[in-house]
Amino acid sequence: MQYWYFHGFASGPTSQKAVFFQQQMQALGLTLHLPDLNLEDFSQISLSRQLAFLGQQLQAVEEPLTLIGSSLGGLLAALYAERDQRVAQLVLLAPAFEFAQRWQTRLGAAAVAQWREQGIHEVFHYAQRRPLPLRYGFLEDALTHTQASPQRPVPTLIIHGRQDAVIDYSVSVAYAAPRPWVDLKLIESDHALTDALPLLWDLSGQFLGLTSTAPA
């Protein structure tokens with residue numbers, strides 16, 4: 001089994017959750033791969049380009065895959081699992097289902113129209129700790145993917161915070177309801193989930209059959 005972690009939007013492979021999960025797996029003698037989904041030029045990213053990049057990164061892997069995805073990385077993991085039969089398990093942390101639609105609503109029609117006209121919208125990049133430009137094509141592409149509804153029965157754990165103000169936990173509830181292979185855990189946390197790291201690992205480790213308690 002190979003383990004891969006997909007970080008969230010405007011984040012990176014050195015995010016707090018990614019590093020925490022990597023450390024816990026290292027303590028068990030396991031490797032957690034952390035690809036950089038910014039693709040060298042954040043302004044040009046799209047879900048389609050990220051999925052193609054992941055396909056290239058995973059092309060030579062002969063083992064089954066466990067994918068762990070945070071926020072937009074969770075959406076990417078679910079979409080990728082639909083197209084790759086090697087994916088055997090998923091752990092999705094506050095997955096960004098309906099991401100593009102909800103972002104449109106949050107920005108408002110005027111801001112979206114301005115983004116379309118100007119071609120560029122600045123977003124704060126948490127890994128680089130500064131605003132970076134993002135092309136409108138990202139939103140156009142994301143809208144095509146968020147219409148997808150993965151149906152391959154991959155054993156899946158979803159952990160979502162009840163205080164998530166970015167992607168409401170009701171989205172995960174709706175996703176899990178018609179999919180008996182999805183185990184949904186709602187916890188008292190926000191979108192980042194960084195105040196619940198030991199619990200995240202405890203739930204994930206049990207689901208993956210790695211450990212019953214969070215390592216110190």
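The values are calculated or read from the model by the stated rules, or taken from the named source; none is laboratory data. Keep in mind the model is a prediction, meaning the values are calculated, not measured. Cβ placement follows ideal geometry from the backbone for every residue including glycine, while neighbour counts extend to all protein chains displayed. Calculation scope for accessible area: heavy atoms of the full protein, side chains included, ligands and nucleic acids excluded. Shrake-Rupley method; radii C 1.70, N 1.55, O 1.52, S 1.80 Å.
Relative to the present Cα-Cα distance, how much length would full extension add between Val61 and Gln23 at 0.36 nm per residue of separation?
Working: separation 38, 0.36 × 38 = 13.68 nm, distance 2.23 nm.
My answer for the length gained is 11.5 nm.
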Between the modelled labels at Gln128 and Leu143 (7 Å from Cα along Cα→Cβ) the distance in nm is 2.5
Using a 1.4 angstrom probe on the protein heavy atoms only, could you order His7, His191 from most to least accessible area? His191, His7
In degrees rounded to 10, the 0-90 angle between helix 47-58 Cα long axis and the longest Cα principal axis of the chain is 30
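Report the relative contact order of the range 1-126, percent, no decimals, based on alpha-carbon pairs under 8 angstrom and at least 6 residues apart. Show your work: numbers first, answer last.
Values: 160 pairs, mean separation 36.1, N = 126.
Relative contact order comes out at 29 percent.
Take peptides 115-128, 63-76 and line them up by average Cβ neighbours within 10 Å, highest first, as a rough protection proxy. Numbers along the way, then the final one.
On the way: 115-128: 13.7, 63-76: 24.9.
The most tightly packed comes first, giving 63-76, 115-128.
Take the alpha carbon gyration tensor of the range 69-150, find the square roots of its eigenvalues, order them as a ≥ b ≥ c, and report rounded if a/c is under 1.5; if not, report prolate when a/b exceeds b/c, else oblate. Walk me through the numbers on the way to the answer.
Numbers: a/c = 2.44, a/b = 1.73, b/c = 1.41.
Prolate, since a/c reaches 1.5 and a/b exceeds b/c.
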Taking a virtual spin label 7 Å from the Cα of Gln85 along the C-beta vector, which residues in the range 135-166 bring their backbone nitrogen under 18 Å of it? 151-155
How big is the gap, in Å, between the Cα center of the range 163-201 and the Cα center of the range 87-133? 19
Size of electric dipole in the chain: Cβ of Lys, Arg +1 and of Asp, Glu -1, about Cα centre, debye, nearest 20: 120
In whole angstrom, and with the biggest value first, how far do the Cα coordinates of the chain range along each principal axis? 51, 37, 34
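Express the accessible area of the chain per residue in Å², computed with a 1.4 Å probe while the remaining protein chains stay in the model. Can you show the working numbers first?
On the way: 9900 Å² over 216 residues.
Averaged over the residues of the chain, the accessible area is 46 Å².
At 0.36 nm per residue, minus the direct Cα-Cα distance, what do Gln206 and Trp181 gain on full extension? Give it in nm, one decimal, please.
Taking 0.36 nm per residue and subtracting the Cα distance, the gain is 7.4 nm.
Mind running the shape call on the range 115-196? Use the C-alpha gyration tensor, a ≥ b ≥ c as the square roots of the eigenvalues: rounded below 1.5 for a/c, prolate if a/b tops b/c, oblate otherwise. Spell out each step's value before the answer.
Numbers: a/c = 2.84, a/b = 1.48, b/c = 1.92.
Judged from the Cα gyration tensor, the range 115-196 comes out oblate (a/c at least 1.5, b/c at or above a/b).
Can you compute the FRET efficiency between Thr31 and Ala111 using 1/(1 + (r/R0)^6), with r the Cβ-Cβ distance and R0 = 30 Å? Round to the nearest 0.05.
Details: r = 42 Å, r/R0 = 1.39.
Calculated value: 0.10.
Could you tell me what percent of the DSSP beta bridges with both partners in the chain are antiparallel, to the nearest 5? Don't jump to the answer; show the numbers that get you there.
Values: 6 of 29 bridges.
In the chain, DSSP labels about 20 percent of beta bridges as antiparallel.
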